[in-house]
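The structure appears below as structure tokens.
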Amino acid sequence: MGGVLGMIRRILIGATLLLSACSSGTEEAPLQLQVFNSTRDLIRARISSGQEVERPPLRRSDLDPLEGSYLEASIERRDILAYLFVNVDLDDDYPGRLRVWRTDDNVTLTMRNGVLVSTRGLGDDLLSSRVQVSGTRPGPSSGGEHVQYIRTAEYDSLQMSFACELVDLGPETIVIVERKHATRHLQQRCTGPSGEFVNDYWADSGAGLIWQSRQWAGPGIGYMRFRRLTNQ
């Protein structure tokens, strides 16, 4: 998964990510993000030379000049980190609002009220999901059925159904790149014939967004972590 913000990432796995075009948007990464190109080039040079690569820390001073909303995403089992910008916002016939996040190499993540509902370009993609959300409230609105459709190696769709309960773990202040956010920690606990998973959301109802989450994206991808870096 590539990264907007100069594609800051660490690639220590042998697999090659498959890219696919899934979004109808054509927006380009903002020009302000070119400030991170020197960091990207340094990491690439160290990878090609076989040097140990350390991921540079992100600072609030890096983010303050940027306009727009940006998302940090990582895949736990692959040690891949990327930064995404908003590609398009969509309304459909279901509750909530869809937002498509994109990297500058066209990997996309689609969320409904901050809940991950699809991925493209990661391999073993989450093709779509049915989740319980309502209106503009961030995160899942309640327990109930959570259905995922996963791309298989044969490019078929595998349906995985789970029964979930939503637990409010109470208020929690989190820190994202030197900035504090007052949130409520929501935990979605899901079980089904194929296994179980737990999703965590740190929701800010006042701002109408999820500042941070850890979400299951299916057996191929595993858990992904997300942090909202800016909200403009």
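The values are calculated or read from the model by the stated rules, or taken from the named source; none is laboratory data. None of the values given here were measured: they were computed from a predicted structure. Positions of Cβ are backbone-derived with ideal geometry, glycine not excepted, and every protein chain shown enters the neighbour counts. Quick note on the areas: whole protein, heavy atoms, side chains included, nothing else; ligands and nucleic acids left out. Shrake-Rupley method; radii C 1.70, N 1.55, O 1.52, S 1.80 Å.
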How large is the dipole of the range 134-223 about the Cα centre if only Lys and Arg carry +1 and Asp and Glu carry -1, each at its Cβ, rounded to the nearest 20 debye?
-> 260
When you count, for each residue, the other Cβ atoms within 10 Å and take the mean per peptide, how do 147-155, 74-82 rank with the highest first?
-> 74-82, 147-155
Tell me, what are the semi-axes, in whole angstrom and largest first, of the equivalent ellipsoid of the range 61-154 as set by the roots of 5 times the Cα gyration tensor eigenvalues?
-> 23, 19, 12
Which order do 189, 59 take by accessible area at a 1.4 Å probe, largest first?
-> 59, 189
What is the extension gain from residue 155 to residue 88, computed as 0.36 nm multiplied by their sequence separation minus the C-alpha to C-alpha distance, in nm to one decimal?
-> 21.5 nm
For the range 84-219, with +1 on Lys and Arg beta carbons and -1 on Asp and Glu, the positive-most of 210, 164, 109 along the dipole | 210
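Name the shape class, rounded, prolate or oblate, that the alpha-carbon gyration tensor gives for the range 99-232, where a ≥ b ≥ c are the square roots of its eigenvalues, rounded holds for a/c under 1.5, and otherwise prolate holds if a/b is larger than b/c and oblate otherwise.
oblate
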